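The values are calculated or read from the model by the stated rules, or taken from the named source; none is laboratory data. Values in this document were obtained by computation on a predicted structure and should not be read as measured data. Every residue, glycine as well, gets a Cβ built from its backbone with ideal geometry; the counts of neighbours run over all protein chains shown. These accessible areas exclude ligands, DNA and RNA; they are computed on the full protein's heavy atoms, side chains included. Shrake-Rupley method; radii C 1.70, N 1.55, O 1.52, S 1.80 Å.
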Amino acid sequence: MSSKIDWPAGYYIGLREQVPDSATIEAFSQLPVPNIGDCMGRSVGARGLQPWHADQQLVLCGPALTVKVRPGDNLMIHKAIEMAQPGDVIVVDGGGDLTQALIGGLMRTSALTKKIAGFVIDGAIRDLNEWAEGGIAVYARGNTLRGPSKDGPGEVNVAISCGGMVVSPGDLIVGDADGVIAIPYAELAALLPKVHQHVEREAKIRRNNAAGTTDPERFNSLLRSKGCPL
């Protein structure tokens, strides 16, 4: 791939240097997004994006193929679909614009054919009835019937901002009914056992809650640390 300075201003198509292996993707696909977020400091994850695929059981988990576009223009998203490998998640920085849709039903058909795992769009989509058929995940900020232009500029496989998340090419994207989160590639190995431990800890608390054996000291000690006379 040629250097960025060889491209016209605002245009660039890069390559991903690394993507998570299949075992890592499978492991994270079994973990709830809220638990992942808890183990990443409870201050990460997409804000303002919602699922439009009408299937709360559908789990999105795959490597990010990132796209930055001019609001309302999807030229480079078409290129990303062409480049995508099965299981990829196309993550788009559309500037949060809702005046024109960035993807619709025709692009959904292409993505299904290529076995793309899903889309995360900081912008609008259209053709909601088709997305509601499921089979492919889509998270977006909103919808509009107004279609996009295809003039550019845009960039593929660069670091982007999407829904308040910084996403780099090859980061792992995980989404479920609660929302979507991006995990930096470099953090995957260390994070996985922490999330497993967190899931087990919550399972124990859940069993205690159901049995009526919750330890009140769990919260009373916190209140005493704030100076409450308990």
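Values computed for the structure shown
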read-out: In segment 164-184, residue farthest from Ile136 (Cα to Cα) [restricted to those that are assigned to a loop (DSSP other than H, G, I, E, B) and in contact with a Phe, Trp or Tyr (Cβ under 8 Å, 6 or more places away or on another chain)]; value: Ser168
read-out: Pair list, Cβ under 7 Å, 6 or more apart: segment 216-230 residue of a type in the set (Lys, Arg), other residue outside any helix (DSSP H, G or I); value: Arg224/Leu230
read-out: Given (1) open to solvent by less than 10 Å² (accessible area, probe 1.4 Å); (2) modelled with pLDDT of 95 or more; (3) more than 17 Å from Asn74 (Cβ to Cβ), index of the condition Gly134 fails; value: (2)
read-out: The one condition in (1) out of contact with any strand residue (DSSP E or B) (no Cβ under 7 Å at 6 or more places or on another chain); (2) at pLDDT 95 or above that Pro51 fails to fulfil; value: (1)
read-out: Pairs, first more than 14 Å from Val120 (Cβ to Cβ) in segment 164-193, second of a type in the set (Asp, Glu), C-beta under 6 Å, six or more apart; value: Pro184/Asp171; Tyr185/Asp171
read-out: Given (1) surrounded by 14 or more Cβ atoms within 10 Å (Cβ to Cβ); (2) in contact (Cβ under 8 Å) with a residue 60 or more places away in the chain, number of the condition Asp151 does not satisfy; value: (1)
read-out: Of all residues in segment 78-88 being out of contact with any helix residue (DSSP H, G or I) (no Cβ under 7 Å at 6 or more places or on another chain) and outside any loop (DSSP other than H, G, I, E, B), the one that is most open to solvent (accessible area, probe 1.4 Å); value: Glu82
read-out: Of all residues in segment 213-230 being closer than 21 Å to Ala203 by Cβ, part of a loop (DSSP other than H, G, I, E, B) and not β-branched (Val, Ile, Thr), the one that is modelled with the highest pLDDT; value: Pro216
